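Structure first, then comments.
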Amino acid sequence: MNTIKKKLLIIAHRPSPNTESMATAILDGAEHESVNGVSAQLRSPFTCVAEDVLASDAVILFTTENFGYMSGALKDFFERIYYPCLDDEKRNSAKPYSLVIRAGLDGTGTKNAIGNITKGLTWKEVQPLTLCHGEYQPEFIEQCRTLGQTMAASLEAGII
Ligand SMILES: Cc1cc2nc3c(=O)[nH]c(=O)nc-3n(C[C@H](O)[C@H](O)[C@H](O)COP(=O)(O)O)c2cc1C
């Protein structure tokens with residue numbers, strides 16, 4: 001029997017080898033063998049449109065912090081999808097999402113800015129922020145993998 005899989009959209013800005021590895025780890029976690037009922041997709045913010053968001057059941061956002069703010073790529077994404085998503089209340093309202101920030105130093109500006117935008121979008125943050133800051137640590141990979149798996153498992157279980 002064919003079952004319809006829930007869709008987990010991972011929107012990741014990954015301009016460096018480290019961030020590429022982190023984004024891949026989120027996807028790996030989401031595709032963990034223990035989770036069967038979820039289809040995960042890893043995409044660049046530049047190629048995502050509102051319909052991708054509306055058609056998804058949950059979203060993971062991943063951005064670097066640049067100049068104390070989210071990446072230009074993610075900001076461009078939000079600018080393009082904001083009103084089209086709000087216009088489709090049925091598919092957009094309370095969209096479950098979680099956020100990963102890779103920051104050289106801080107991450108606060110990015111966290112606050114994205115929090116304001118997602119509040120306006122009426123999205124629902126379903127996992128605590130994953131903030132990977134400071135010098136690059138191999139532990140970041142495990143944190144990303146865990147988040148991907150947790151989001152996919154929660155989606156499969158119907159608890160988000
Ligand atoms: C133009 C530019 C601006 C940046 N601005 C910030 C910043 O304001 N705060 C911060 O914590 N990190 C900042 N960074 C560091 C990036 O967040 C970091 O390079 C990125 O997360 C990639 O990390 P990686 O070295 O592990 O690949 C900046 C990087 C670039 C290239």
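The values are calculated or read from the model by the stated rules, or taken from the named source; none is laboratory data. Just so it is clear, the model here is predicted, and its values are computed rather than measured. Here the Cβ is made from the backbone with ideal geometry for all residues, glycine too, and neighbour counts use every protein chain on show.
Observations
- Pairs with Cβ under 6 Å, 6+ apart, first in the stretch 118-142 and closer than 25 Å to Ile159 by Cβ and free of Cβ contacts under 8 Å to residues at least 40 places away in the same chain, second among the polar types (S, T, N, Q) and away from the ligand (no atom under 11 Å from the Cβ): Thr122/Ser93; Gln127/Ser98; Thr130/Gln143
- Looking only at the stretch 107-154, and only at residues there that are assigned to a loop (DSSP other than H, G, I, E, B) and more than 15 Å from the ligand (Cβ to nearest atom), the one that is surrounded by the fewest Cβ atoms within 10 Å (Cβ to Cβ): Pro128
- Leu86 meets the conditions (1) more than 12 Å from the ligand (Cβ to nearest atom); (2) touching a residue at least 60 places away in the same chain (Cβ under 8 Å); (3) farther than 24 Å from Ala157 by Cα; (4) hydrophobic (A, V, I, L, M, F, W, C) in every case but one. The failed one is (2).
- Near pairs, Cβ below 6 angstrom, 6+ apart or cross-chain, from the stretch 1-21 (assigned to a strand (DSSP E or B)) to any residue that is within 16 Å of the ligand (Cβ to nearest atom): Ile10/Ile26; Ile11/Pro45; Ile11/Leu61; Ala12/Ala23; Ala12/Phe62
- Candidate set: the stretch 43-63, residues that are of a type outside the set (D, E, K, R), assigned to a strand (DSSP E or B) and more than 15 Å from the ligand (Cβ to nearest atom); chosen: the one nearest to the chain's Cα centre (by Cα): Ile60
- With respect to the conditions (1) touching a residue at least 40 places away in the same chain (Cβ under 8 Å); (2) within 16 Å of the chain's Cα centre (by Cα), Glu156 falls short on a single one, namely (2).
- Residue list for the stretch 64-78, filter: without any contact (Cβ under 8 Å) to a residue 40 or more places away in the chain and near the ligand (Cβ under 10 Å from one of its atoms): Asn66, Phe67, Gly72
- The stretch 1-19, residues that are in contact with a strand residue (DSSP E or B) (Cβ under 9 Å, 6 or more places away or on another chain) and under 20 Å from Ala73 (Cα atoms): Leu8, Leu9, Ile10, Ile11, Ala12, His13, Arg14, Pro15, Ser16, Asn18, Thr19
- Test: Phe77 is assigned to a helix (DSSP H, G or I), within 14 Å of the chain's Cα centre (by Cα), at pLDDT 95 or above and surrounded by 20 or more Cβ atoms within 10 Å (Cβ to Cβ): yes
Yes/no matrix, rows are residues, columns are (1) farther than 21 Å from Ala113 by Cβ; (2) surrounded by fewer than 17 Cβ atoms within 10 Å (Cβ to Cβ); (3) of a type in the set (Ser, Thr, Tyr):
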{"position": "Ile10", "(1), (2), (3)": "no, no, no"}
{"position": "Pro17", "(1), (2), (3)": "yes, yes, no"}
{"position": "Gly29", "(1), (2), (3)": "yes, no, no"}
{"position": "Val38", "(1), (2), (3)": "yes, no, no"}
{"position": "Leu42", "(1), (2), (3)": "yes, no, no"}
{"position": "Val53", "(1), (2), (3)": "no, no, no"}
{"position": "Ser56", "(1), (2), (3)": "yes, no, yes"}
{"position": "Val59", "(1), (2), (3)": "no, no, no"}
{"position": "Asn66", "(1), (2), (3)": "no, no, no"}
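- Residue match in the stretch 90-97 (condition: hydrophobic (A, V, I, L, M, F, W, C) and either assigned to a strand (DSSP E or B) or surrounded by 15 or more Cβ atoms within 10 Å (Cβ to Cβ) (or both)): no
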